[in-house]
1. Any residue in the stretch A:58-73 that is more than 14 Å from chain B (Cβ to nearest Cβ) and at pLDDT below 95?
2. Anything in the stretch B:38-58 that is within 9 Å of chain A (Cβ to nearest Cβ) and assigned to a helix (DSSP H, G or I)? List them, or say none.
3. So, residue A:44, is that one modelled with pLDDT of 95 or more, surrounded by 13 or more Cβ atoms within 10 Å (Cβ to Cβ) and within 21 Å of residue B:150 (Cβ to Cβ) or not?
4. Filter the stretch A:172-196 for residues that are of a type in the set (D, E, K, R) and farther than 20 Å from residue A:86 by Cβ; which is farthest from the chain's Cα centre (by Cα)?
5. When the residues of the stretch B:129-147 are filtered to those that are surrounded by fewer than 20 Cβ atoms within 10 Å (Cβ to Cβ) and under 29 Å from residue A:27 (Cα atoms), which remaining residue is nearest to the other protein chains (Cβ to nearest Cβ)?
6. Please list, ordered by first then second residue, the pairs with beta carbon atoms under 8 Å, 6 or more apart or interchain, first in the stretch B:359-378 and surrounded by 15 or more Cβ atoms within 10 Å (Cβ to Cβ), second modelled with pLDDT under 75 and aliphatic (A, V, I, L, M).
7. Given B:253, B:249, which one is in a loop (DSSP other than H, G, I, E, B) and modelled with pLDDT under 70?
8. Enumerate the pairs (first residue in the stretch A:26-45 and within 7 Å of chain B (Cβ to nearest Cβ); second residue anywhere and assigned to a loop (DSSP other than H, G, I, E, B) and surrounded by 24 or more Cβ atoms within 10 Å (Cβ to Cβ)) with beta-carbon separation below 8 Å, excluding pairs fewer than 6 apart on the same chain, so at least 6 apart or on different chains.
Amino acid sequence: MESQAATACHELLLRLAGRLPDRQLWRFRDWLAAGALDALAGTLPLTLLRERVGITVAESMLLNTALLDAGADPGLLNSVPWVDELDDLDYTFTPESPERVNTGDSVAVVLGAVLHGRPEVVDVRGSWRQHRSGTGPATRVVLVTSVADAARLAGELQRVLRALGTYEPGVEVMPEGIDLPPYHERALAASEPLLPGVITYRRQLVPR
Amino acid sequence: MSQGADGAAGRPGVPLPIRVHDLLLGFAGRLDDDALADARQFLASAELDRALEFLAGCLVAGRIAISGAQRQELASLFTQVYLDAAMIDRLMVDDGAASNAVVRHRFGGGPVDGESAVHGVAEAARRVLDVLPDVRSVWAVWRLTPAGPVSGPVPHRVVLVGVGPAGFAPATSYRLENSLRRAGIRASVEVLRDGAEAPEYHHAAMQYAAQVPFARQAPTNPPPVRPRSNPMEPSAPPSSPSSQIPTVSTPVSVLPGSPISRPAPPPTAPSPPVAKVPEIPVAPPMPPLPEIAPPGRRSRPEPPADPLASANPPVRPAPVLPASWMSEPASTTPKPPPTNGKAARPESLPADDSLSDQEKLLLRQLQEELARREQEESDGPGHLGDINGGRHGGGPATFDWPTSNGAPTVINGIPPQHPDQPR
């Protein structure tokens with residue numbers, strides 16, 4: 001069972017999807033999965049400041065809950081600016097890859113093998129993300145709904161995806177019942193089951 | 001100076017970025033390649049604190065054991081950049097587990113899916129290699145084994161770069177890696193400084209590395225690190241400073257995967273070209289130089305020994321003149337009209353090649369006519385009157401100045417005087 005700090009940190013990192021660079025986000029999630037909250041306490045606030053990432057009041061509370069006890073500098077935590085509302089997403093989502101090729105989905109096969117029989121997993125879906133400007137390749141976003149151990153599961157799936165060739169994996173493990181940020185709502189709205197017939201998508205999308 | 005993990009803490013005179021760079025070299029193959037790349041990016045961006053915190057975070061999260069020397073160096077660096085060293089206490093220190101004897105990697109020099117490790121590297125990194133200073137050599141190899149607890153896919157390309165004393169290792173590593181990444185090539189760029197000892201990981205990689213040719217590269221440049229256990233390697237001195245570079249006799253040519261074709265000699269190669277200058281026979285090309293005439297002179301016919309021979313004047317018979325005319329002193333002979341204010345020299349007349357044959361014939365006829373008339377005058381009137389009268393058919397012997405109205409011409413208020421009239 002994850003600690004309250006780890007749960008808060010996971011939700012914060014979940015909400016930072018699409019706002020922090022993928023290259024840093026997956027790394028922080030990996031650290032959290034490894035229980036290295038103290039490493040995050042020193043690095044995450046500094047990264048938010050240097051990357052000029054503003055957070056909402058709710059996210060600020062998550063930040064304090066997650067990292068204050070882990071040794072984060074209160075001065076740095078208070079320096080992270082607040083924003084009243086988040087900017088529009090820089091990404092669009094599609095159920096299928098715009099660069100679809102007629103090959104087998106080996107990633108889905110491996111993920112299915114890894115997640116098979118896990119009781120905490122509710123749903124696994126997939127979506128493809130493209131930058132709104134149209135630049136850059138489309139990246140796969142794995143959307144997992146879980147009832148427990150979300151941070152650990154995210155770290156595990158990230159390692160699998162990296163071994164399969166996705167250097168900056170986009171694994172979004174969403175604790176069931178949380179208020180989803182816009183990024184995940186839109187990703188789910190443009191998603192398909194990653195393991196057809198294995199897990200039934202039960203989430204009821206709430207239109208914004 | 002040791003380069004890498006075993007560097008002792010407190011290295012006087014070594015800049016902090018170089019110390020961090022060397023520390024990162026020691027974790028090659030034990031941290032995942034992206035972690036090293038990110039830390040090097042922070043380092044190249046002058047974010048030493050961020051690089052060190054990131055490194056420590058990766059070590060803690062990955063539960064990667066470090067040696068006592070590495071921990072000491074890390075703690076020293078944390079202190080020097082005013083970081084909280086509390087996280088250092090969480091690092092696992094185990095000299096045995098951190099030794100390279102435990103962490104062994106396999107490298108491959110052959111192609112992977114038909115692609116060699118050097119494929120595309122030179123093209124992708126050309127612009128960066130053109131500007132980065134003192135890059136001595138670039139090598140590439142495939143690593144076949146995973147690195148770190150969150151390893152990326154394998155085989156993974158590793159690029160080994162050797163830089164000289166004027167090179168900037170952190171900047172070279174970051175910029176080269178970034179350049180390759182932008183070109184779609186994922187690779188770890190390990191930059192090794194000339195003269196410094198490299199970790200075992202890099203020695204192992206060099207056993208199978210192939211050289212990447214680039215414009216400034218000298219064919220005799222040594223590899224950034226020498227493989228230690230390559231049985232095929234000839235006996236050669238260890239990685240040496242630039243002054244000893246010419247003594248290295250292409251040790252890489254026998255390595256598996258090394259390119260067959262040698263790169264073109266660079267125009268700015270540091271020392272090897274200087275060492276080879278005495279061997280280049282520069283003297284033989286010199287003798288032909290005198291034979292090469294300037295184009296202007298070459299286009300002309302060869303000048304004759306006698307500059308006047310080309311005129312080919314007709315053989316003029318000796319003038320048959322009366323003895324009186326021939327006996328006159330040279331000063332009394334008819335003189336050609338002055339040229340450019342100077343009278344032609346008398347001796348130039350017989351051989352005056354500027355006259356055509358017709359002119360010479362006329363001149364000869366004139367001389368004969370004058371001689372004939374002189375002969376006739378010897379029996380008649382005076383000399384001057386004879387000339388004037390003779391020219392005009394025997395007119396009066398007075399000087400007639402031509403005027404338009406019959407009046408004498410006035411020059412500067414003075415009427416001209418007869419030459420024979422006393423002034």
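1. Taking the stretch A:58-73 and keeping what is more than 14 Å from chain B (Cβ to nearest Cβ), we get A:58-66, A:68.
Imposing the further condition that a residue be at pLDDT below 95 reduces the set to none.
No; the residues of the stretch A:58-73 include none that is more than 14 Å from chain B (Cβ to nearest Cβ) and at pLDDT below 95.
2. Applying the first criterion (within 9 Å of chain A (Cβ to nearest Cβ)) to the stretch B:38-58 yields B:38, B:47, B:49-50, B:53-54, B:56-58.
Residues satisfying the conditions are B:38, B:49, B:50, B:53, B:54, B:56, B:57, B:58.
3. Working: modelled with pLDDT of 95 or more: yes; surrounded by 13 or more Cβ atoms within 10 Å (Cβ to Cβ): yes; within 21 Å of residue B:150 (Cβ to Cβ): yes.
Spelling it out, residue A:44 is indeed modelled with pLDDT of 95 or more, surrounded by 13 or more Cβ atoms within 10 Å (Cβ to Cβ) and within 21 Å of residue B:150 (Cβ to Cβ).
4. Step one: list which residues in the stretch A:172-196 are of a type in the set (D, E, K, R), which gives A:172, A:176, A:179, A:185-186, A:192.
Filter again for farther than 20 Å from residue A:86 by Cβ, leaving A:176, A:192.
Numbers: A:176: 14, A:192: 17 Å.
Per the stated criteria, the residue is A:192.
5. Keep residues of the stretch B:129-147 that are surrounded by fewer than 20 Cβ atoms within 10 Å (Cβ to Cβ), which gives B:130-131, B:133-134, B:144-146.
Pick out the ones that are also under 29 Å from residue A:27 (Cα atoms) and you get B:144-146.
Working: B:144: 14, B:145: 12, B:146: 7 Å.
The residue in question is B:146.
6. Close Cβ pairs (under 8 Å, with a partner that is modelled with pLDDT under 75 and aliphatic (A, V, I, L, M)) amount to B:363/B:355; B:367/B:321; B:368/B:320; B:368/B:321; B:371/B:321.
7. Of the residues listed, the single one that is in a loop (DSSP other than H, G, I, E, B) and modelled with pLDDT under 70 is B:249.
8. A:30/B:150
The values are calculated or read from the model by the stated rules, or taken from the named source; none is laboratory data. Only a predicted model underlies this, so the values are computations on that prediction, with no experimental measurement involved. Neighbour counts run over all protein chains shown; Cβ positions are idealised from the backbone, glycine included.
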